[in-house]
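Report on the following structure.
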There are 2 protein chains.
Amino acid sequence: MVVSAAATKEAAGLGALDRLLAATDAEMQKVNALILKRADSHVEMVPELARYLIEAGGKRLRPMLTVAAALLFGRATGAQTNYAAAVEFMHNATLLHDDVVDESDMRRGRPAARMIWGNQASVLVGDFLLGQAFLMMVETGKLDALGVLAKAATIIAEGEVFQLAKARDLTATTADYDQVIRAKTATLFQAAAEVGAMAGGADEAGRAAMRDYGMELGLAFQLVDDVLDYRGESGAMGKNSGDDLREGKMTLPVIMALADANPAEREIIVASLGKPDASETALAQVAAIMNRHNALSRTVDQAHAHVRAARAALAGLPESEMKTILSDIAEFYVSRAY
Amino acid sequence: MVVSAAATKEAAGLGALDRLLAATDAEMQKVNALILKRADSHVEMVPELARYLIEAGGKRLRPMLTVAAALLFGRATGAQTNYAAAVEFMHNATLLHDDVVDESDMRRGRPAARMIWGNQASVLVGDFLLGQAFLMMVETGKLDALGVLAKAATIIAEGEVFQLAKARDLTATTADYDQVIRAKTATLFQAAAEVGAMAGGADEAGRAAMRDYGMELGLAFQLVDDVLDYRGESGAMGKNSGDDLREGKMTLPVIMALADANPAEREIIVASLGKPDASETALAQVAAIMNRHNALSRTVDQAHAHVRAARAALAGLPESEMKTILSDIAEFYVSRAY
């Protein structure tokens, strides 16, 4: 039996996830305890809604990145617990607001919180989590790390607004897309890695390396997400596949497909873009057009390029088991695209 | 001609506003310049929407409170400019999210931002303003003041969720109402006054005095708002009068009226409570029931009690022109109720 190069890579990637989970396990238990504690409130609906979302799990990739970065530099002071929990709260606040903005029905494989508690509570509990995130940062007494997350919060919101402004815009460019995903997704990966490095006592070079690593990892992550939305075994992301097209999101696959489509193909794409009730058949037609023009595989190629850049960002750091794990884990997250 | 006691009080109050405006004018020009600057973004929709709301004005009462508190203690360091702008951004973020939550059509006498840019952009630009608020606080390098605002952000969100949970709840108590307005409204007044005192170099006693003053002023402010929603010359708040009833908000006037209403009156109130399409006639009937049971005047009485408490909070501070202004201005804000 011949083992393909891709399969070997994927196996290495899966191994990397197990190694990352093991290497961060003790720290992540502290983070998870803090997350549950700080989602509490005397106003019952707050922890009900927050814990519904938080306990649905998700991969906790962002706080794990913070913890891993802190451990990488070996002088972790303990601040990483608060930093990591704050990063996860910022992420969950964004999810709550995004689901309202996108009118999403599903999140993490369950009905979105807004389907149970309503849009109103989702907006407000998101605000609560954002406030708690900053409060946890304040409690560490570290103003510089707080500044990194506050700056990230503004950039993420700008990115979301820009994405909204470009929805259903047939003139959206690959540069627009790049700007959107840098801001709305990769900025939090970047901040998560950077504050982790700060908690670990990294010098400026180490901090810059982790900043670059986080940004590139985040870009790869979002590119793969945007492929999965079309390639989707349904529920791969715990959301409905085809949501991006129905919401009119101008992701790279659709921008590339539109650029190369003939008039008939273009018409098919446009007929479903931003149409909440586009049929499964229509979605399948659009996916077929994307495959005809290699829009999905070319998007994966770009993800691979960012994985290479993420690994390259680590090059100047001293060799260690954690460095190897972080290098391999980037590969793993692209392996999801297959 | 006999001048009534109430008219004299109101005249004194109006004088207080002019004196407050004059005393804070130079500082508020800096604050307003910073507010406009920090509402900017390369994503066009962000400053468009933010400035639409910000330039509609509002009284800028909260940042003015921050500036006044800083000047009161006489050792203002300059941090009050960032603090005041951050307070106003937090307030505007709350307004944007509230209008989405309440499905409000009007704000500050104009169509609410969500009616022009949509709910989605309103949520996201609110997030942007919240991020900018924290970033401006970080830039002052003062972690303790940042902590005051971060804590306030969580309490405000909790208060809004609690209000939402109590909407249309006929068993809501005056204690519930007190909890709601302390959290959702008075906490920001309290934080605005407290960080102002901190910027002004207040000692712990001065800081505590301003914290109490801000809380009591905020409670009086919200009580009057909740009266005006029923007494409403339309547009007194730049919102539609009767909105609270239509949204099912359990404010003190409605809680008091329900407690004292006979079965027929109760039925009339319940028929309109939380009914977005309740008619003007129905609203007038409810207002008449409230007046029959003195629910509005008793609410104003409570506002007066908080004004007295606000003035009492200042008692231990050295006499100064600014102290007199702050004492008188509390009176002014209750005079709006007539």
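Length gain on complete extension for the stretch A:ASP18 to A:THR77, per 0.36 nm per residue less the alpha carbon to alpha carbon distance? Before the final figure, lay out the partial values.
On the way: separation 59, 0.36 × 59 = 21.24 nm, distance 2.47 nm.
Separation in residues times 0.36 nm, less the Cα-Cα distance, equals 18.8 nm.
Could you give the semi-axes, largest first, of the ellipsoid that matches the protein assembly as shown, computed as the square roots of 5 times the alpha carbon gyration tensor eigenvalues and rounded to whole Å?
Numbers: eigenvalues 458, 178, 90 Å².
Result for the protein assembly as shown: semi-axes of 48, 30, 21 Å.
Quick check on packing: order B:46-55, B:18-27 by the mean number of other C-beta atoms within 10 Å, highest mean leading. Present the calculation step by step, with values, prior to reporting the outcome.
Numbers: B:46-55: 20.2, B:18-27: 15.9.
Output ranking for B:46-55, B:18-27: B:46-55, B:18-27.
Once you have all Cα-Cα distances for region B:175-313, histogram them in 5 Å bins from zero and send the whole-percent values.
2, 11, 18, 20, 16, 12, 8, 6, 4, 2, 1, 0
How fast does region B:5-330 diffuse by Stokes-Einstein, in µm²/s, taking the Kirkwood radius from C-alpha pairs at 10 °C and 1.306 mPa s? Kindly include the intermediate steps, with their values, before the conclusion.
Details: Rh = 20.3 Å.
Rounded to a whole number, D works out at 78 µm²/s.
Relative contact order, percent, of chain A when contacts are C-alpha pairs under 8 Å separated by at least 6 residues? Show your work: numbers first, answer last.
Values: 499 pairs, mean separation 73.5, N = 338.
RCO, chain A: 22 percent.
Please state the charge dipole magnitude for chain A, taken about the Cα centre, from unit charges on C-beta atoms (+1 on K and R, -1 on D and E), reported in debye and rounded to the nearest 20. Don't skip to the end; give the middle numbers.
Working: 34 positive and 44 negative charges, 78 e Å.
Charge dipole of chain A: 380 debye, to the nearest 20.
Amide H neighbours of A:ARG107 under 5 Å, counting only residues 5+ apart in sequence or on other chains, H built in-plane at 1.01 Å?
A:ALA112
Once you average over the residues of A:158-167, how many Cβ atoms of partner chains fall within 10 Å of each Cβ?
Values: counts 10, 3, 8, 14, 7, 3, 9, 6, 1, 1.
Average per residue, whole number: 6.
Of B:ILE269, B:VAL254, B:ALA133, which is farthest on the positive side of the dipole of region B:5-330, counting Cα position, with +1 on Lys and Arg Cβ, -1 on Asp and Glu Cβ, and the Cα centre as origin?
Going by the charge dipole, the pick is B:ALA133.
Give the share of C-alpha pairs in each 10 angstrom bin for region A:94-230, from 0 to the last occupied bin, in whole percents, shortest bins first.
P(r) for region A:94-230, in whole percents per bin: 11, 34, 37, 16, 2.
Could you name the aspartates and glutamates whose alpha carbon sits less than 19 Å from that of A:LYS323, not counting residues in the same chain fewer than 8 places away?
By straight Cα distance, A:LYS323 reaches A:GLU10, A:ASP18, A:ASP25, A:GLU27, A:GLU194, A:ASP203, A:GLU204, A:ASP212, A:GLU216, A:GLU331.
Applying the Karplus parametrisation 6.51 cos²θ - 1.76 cosθ + 1.60 with θ = phi - 60° to the phi angles of region B:64-77, what ³J(HN,Hα) value in whole Hz is obtained for each residue in order, glycine and proline being reported as x?
5, 5, 4, 5, 4, 5, 5, 5, 4, 8, x, 10, 4, 9
Using a cut-off of 10 Å between beta-carbons, work out the net charge of the residues near B:GLY78 (Lys and Arg +1, Asp and Glu -1, B:GLY78 not included). Show your work: numbers first, answer last.
Values: positive: B:LYS30; negative: B:GLU27.
Taking every Cβ under 10 Å from that of B:GLY78, the sum is 0.
With contacts defined as alpha carbon pairs under 8 Å and 6 or more residues apart, what's the relative contact order of region B:154-289 in percent? Present the calculation step by step, with values, prior to reporting the outcome.
Working: 160 pairs, mean separation 33.6, N = 136.
For region B:154-289, the relative contact order is 25 percent.
What does the helix-only formula give at 222 nm for chain A: each DSSP H stretch with n ≥ 4 adding -39500 (n - 2.57), the total divided by the residues, and the result rounded to the nearest 500 deg cm²/dmol? Could the numbers behind the result be given before it?
Details: 15 runs with 252 residues, N = 338.
Taking each H run of at least 4 residues, the total per residue is -25000 deg cm²/dmol.
Rounded to the nearest 10 degrees, what's the angle between the helix A:204-231 long axis and the longest principal axis of chain A, both from Cα atoms, 0 to 90?
30
Any read-out appearing in this document is the output of simple, stated calculations on the displayed coordinates, not a laboratory observation. Note that this is a predicted model, so its numbers are computed, not measured. Cβ coordinates were reconstructed from backbone atoms using ideal geometry, including for glycine residues, and neighbour counts include every protein chain displayed.
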